[in-house]
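The values are calculated or read from the model by the stated rules, or taken from the named source; none is laboratory data. Small disclaimer: the values here were computed from a predicted structure and weren't measured. Please note: Cβ atoms are built from the backbone with ideal geometry, for glycine as well, and neighbour counts cover all protein chains shown.
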Amino acid sequence: MATATSSSSSLRTYLVTRLLLVIPMVWILVTLVFFVLRVVGDPIQSAFGGRLSPAEIAVRRHSAGLDKPLLTQYLSYLGGVVRGDFGRSLTDSTPISHILIVNGAATLELTFWALLVALTVGVPLGRVAARHRDKLPDVGLRLFAVLAYAVPVFFLGLLLKLLFATKLGWFYSSGRASPNVDLDINNVAPNTHIYIINAIQYGNLSDVWDVLRHTVLPAVTLGLLVAGVFLRLVRVNLLQTLRSDYVEAARARGVPERRVVRKHAFRNALIPVVTVMGLQVASLLAGAVLTETTFEWQGIGYKLAYYLGRQDYVAVQGIVTATAVIVSLISFLIDVVAAVVDPRVRY
Amino acid sequence: MSINLPELEGAEAAAALPAGRRHSRIPGVDAIRATSGFQRGMLVAGALIVLFFTVVAVFASAIAPYGFNDDRTKGGKVFGRLVAPSAQHWMGTTSGGEDVYSRVVFGAQTAMEVIVLAVLFSVVVGVPLGLLSGYLGGWLDRVLVLVTDALFAFPSLLLAIIVSIAIAGGSSSAAGGILSAAISITVVYVPQYFRVVRNATVAAREEPYVEAARTLGAKPVAIMTRYIFSNVVQTVPVIATLNAGDAILTLAGLGFLGYGIEPSAGAEWGHDLAKAISDTSNGIWWTGVYPGVAIALLVVGVTLVGESLNDVLNPLLRTAKVTPVTLPARRPSETAGEAA
């Protein structure tokens, strides 16, 4: 009883400490992004310079509050971020929070499918590789993992587009749904902006099929990138677990190797994978920016590339800041899961 | 991506070498000797790929038939747009009418230059920072750890974009050269060196040999540079190799999004791939496939070298290399003695 209380209190201490660490981290990132982007000078000038008259630029600068002292701007921006207000884009004055909801749903949908692909491909293959260490399957799978890492996502996307969209015509090469389907499924009552849910709500099976045919290529592209990481992780962790004393003890008791892997080692080898998933969130989001651009998938990354192209640095700042907040929160959540699953994390 | 390397003692690394052979003076030979079978194959294959790209990069202007931005021969004959691969243009031409083969060759030069500079910069910044932070401790250490942790958690590509916007001064045409691309990428990798060196320094700070140096009156700078430095930088080469692979991808990602190298400053594979995406719907493959294969191949090469080095130097992953032992044939008298 006493041990149970102390372990739950150590969990609580860990979680509180971890949560308190999120705040300075987000603050540092927000501050860094703000000042680094302000070094470039006036965002109005870079967005409209050459297209608007100096007088018009001055008006816009005033209305955006960019003529105030830098520190005042910084504090009001920080205040906005705390309230969840990341400002408006300069070029089409869309609130960044709107982009986060509408395009964020698209990114969420993409990363969900990608993670699904990554887990179903990476985890079993990692197990196979570890089981046959240094034999042919291991060699092949390790090369596959290196390739999955080395091939840039947008190049893999390009290859898949060439083969499965242009040549074979099985899947669509861009967008999230065909135009007519897009119109239909955005009319459902609670619009989640997650197309697969919307399509199911709308209740037309061919629409669901259409959405899925748009999803396959981007999801596989982004998923394979992460699958390689999972494969390597599972392999290395399983190898280390298979060397541990308790596994050796199981072998000594005469447990067959297949059962040793399945019953004794595999689950324990998965625990570190959960921890590392927290670190993968960042690379998954960076990969999402490139994948969305490749497939014109209208997520946050696509929007970011769009505003980068139009040199709308207020929008870029908003999206990047929001990404920083999201990444910090997700990695916090994953650390919570890891702490609950693995008592060793709580130190 | 996080790289977690356990500390490695020099003796342990030496123990990985087959007994009876001395250290070689040629760099890398020791590492190759420590490997066997598949691992050695990986290391050699990776090294050959990297060597190949280095040669291409160094002699780019001799290898490429045309300049990276040329759309006509010196005689003024225009190449034509999106011409399929032929004897004239081995890899076809782009939508801008440039020779793909020449752009891929010059792309190797760009990539190599940026990567070497970026890795060099991040080591030069990260290692001393880590030493200082770890040795001095205090508020400087806490602040630096917090800042680098924040940077580390952030998507690296976005970080590089932000920095390259700042360097370019808001207008993407101002500074799109090799140097600015290298600096944008440097920022991404500094935290890794910082972390590794800082943690190793914190551990080494209390070691008896450092204590002894301090007692003898060595100044902090001397302790850091002469005593601690060589003991905490052993993992840096492996990290640098693995980072180089990652940096190539970051550079290509930047180029793909329209940042990094300006089209007029040099050929860049990521930029060419961005242009090639729209060609795919017409079934045109040569504008994208060649630069893409170049990126993938170079990253594979660098990664194979880094991975094998890691495997060799990391005792947790190392498979014991068993040298077959041939016992001398037993003499009958010994056998008799044992029986008795």
State which residue pairs qualify: first residue without any contact (Cβ under 8 Å) to a residue 24 or more places away in the chain and inside region A:121-145, second residue of a type in the set (Val, Ile, Thr) in any location, beta carbons under 6 Å apart, and separation of 6 or more residues or different chains.
A:Pro137/A:Val128
Do the conditions hold for A:Ala106, that is, is it in contact with a Lys or Arg (Cβ under 9 Å, 6 or more places away or on another chain) and not hydroxyl-bearing (Ser, Thr, Tyr)?
yes
Only one of A:Ala189, A:Ala269 is small (Gly, Ala, Ser) and surrounded by 23 or more Cβ atoms within 10 Å (Cβ to Cβ). Can you tell me which?
A:Ala269
Within region B:110-162, considering residues that are within 14 Å of chain A (Cβ to nearest Cβ) and charged (D, E, K, R), the one surrounded by the fewest Cβ atoms within 10 Å (Cβ to Cβ):
B:Arg142
Hey, A:Arg83 of a type in the set (Lys, Arg), buried (at least 18 other Cβ atoms within 10 Å of the Cβ) and away from every other protein chain (no Cβ under 14 Å) or not:
no
Condition test on A:Val81, is it modelled with pLDDT of 80 or more and either within 31 Å of the chain's Cα centre (by Cα) or of a type in the set (S, T, N, Q) (or both)?
yes
How many of the residues in region A:309-339 are farther than 23 Å from A:Tyr77 by Cβ and in contact with a Pro (Cβ under 8 Å, 6 or more places away or on another chain)?
0
From the option list B:Ser281, B:Ser230, single residue qualifying as out of contact with any Phe, Trp or Tyr (no Cβ under 8 Å at 6 or more places or on another chain), surrounded by fewer than 18 Cβ atoms within 10 Å (Cβ to Cβ) and under 24 Å from B:Met91 (Cα atoms) is B:Ser281
Residues of region A:160-192 being among the small types (Gly, Ala, Ser) and under 27 Å from the mean Cα position of the chain (by Cα), which ones?
A:Ala165, A:Ser173, A:Ser174, A:Gly175, A:Ala177, A:Ser178
Are any of the residues in region B:64-75 of a type in the set (A, V, I, L, M, F, W, C), under 24 Å from the mean Cα position of the chain (by Cα) and away from chain A (no Cβ under 14 Å)?
no
Quick count over region B:282-316, residues being within 8 Å of chain A (Cβ to nearest Cβ), out of contact with any Leu (no Cβ under 8 Å at 6 or more places or on another chain) and hydroxyl-bearing (Ser, Thr, Tyr), is 0
Scan region A:161-183 and tell me whether some residue there is away from every other protein chain (no Cβ under 14 Å), surrounded by fewer than 17 Cβ atoms within 10 Å (Cβ to Cβ), among the aromatic types (Phe, Trp, Tyr) and not in a helix (DSSP H, G or I).
yes
Which condition number in (1) under 19 Å from A:Ser97 (Cα atoms); (2) hydrophobic (A, V, I, L, M, F, W, C); (3) more than 13 Å from chain B (Cβ to nearest Cβ) is the one that A:Ala227 fails?
(1)
Among the residues of region A:35-52, is there at least one that is basic (Lys, Arg), within 22 Å of A:Arg310 (Cα to Cα) and surrounded by fewer than 16 Cβ atoms within 10 Å (Cβ to Cβ)?
yes
Would you check if there is a residue in region A:192-200 being within 14 Å of chain B (Cβ to nearest Cβ), in a helix (DSSP H, G or I) and not small (Gly, Ala, Ser)?
no
Take the residues in region A:133-151 that are modelled with pLDDT of 85 or more and of a type in the set (Val, Ile, Thr); name whichever of them is farthest from A:Val229 (Cα to Cα).
A:Val151
Hits in region B:211-270 - residues which are of a type in the set (D, E, K, R) and over 30 Å from A:Glu292 (Cβ atoms)
B:Glu211, B:Arg214, B:Lys219, B:Arg226
Here the residues within region A:281-310 that are farther than 19 Å from B:Ile277 by Cα, more than 7 Å from chain B (Cβ to nearest Cβ) and surrounded by fewer than 24 Cβ atoms within 10 Å (Cβ to Cβ) are A:Val281, A:Arg310
Checking the conditions here, which among A:Gly157, A:Gly140, A:Gly122, A:Gly126 is part of a helix (DSSP H, G or I), surrounded by 22 or more Cβ atoms within 10 Å (Cβ to Cβ), of a type outside the set (S, T, N, Q) and within 14 Å of chain B (Cβ to nearest Cβ)?
A:Gly157
Could you tell me whether region B:181-193 includes any residue that is assigned to a helix (DSSP H, G or I), among the hydrophobic types (A, V, I, L, M, F, W, C), in contact (Cβ under 8 Å) with a residue 12 or more places away in the chain and over 18 Å from B:Leu251 (Cα atoms)?
no
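Residue-by-condition table, conditions (1) over 18 Å from the mean Cα position of the chain (by Cα); (2) modelled with pLDDT under 85; (3) away from chain B (no Cβ under 11 Å); (4) surrounded by fewer than 20 Cβ atoms within 10 Å (Cβ to Cβ):
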{"site": "A:Ile319", "(1), (2), (3), (4)": "no, no, no, no"}
{"site": "A:Phe332", "(1), (2), (3), (4)": "no, yes, no, yes"}
{"site": "A:Asp342", "(1), (2), (3), (4)": "yes, yes, yes, yes"}
{"site": "A:Tyr347", "(1), (2), (3), (4)": "yes, yes, yes, yes"}
Just the residues that are of a type in the set (A, V, I, L, M) and either within 11 Å of chain B (Cβ to nearest Cβ) or outside any helix (DSSP H, G or I) (or both), please, taken from region A:268-280.
A:Val276, A:Leu279
Quick one: which residue in B:Asp272, B:Asp246 is crowded, with 21+ Cβ neighbours inside 10 Å, among the acidic types (Asp, Glu) and more than 23 Å from B:Thr93 (Cα to Cα)?
B:Asp246
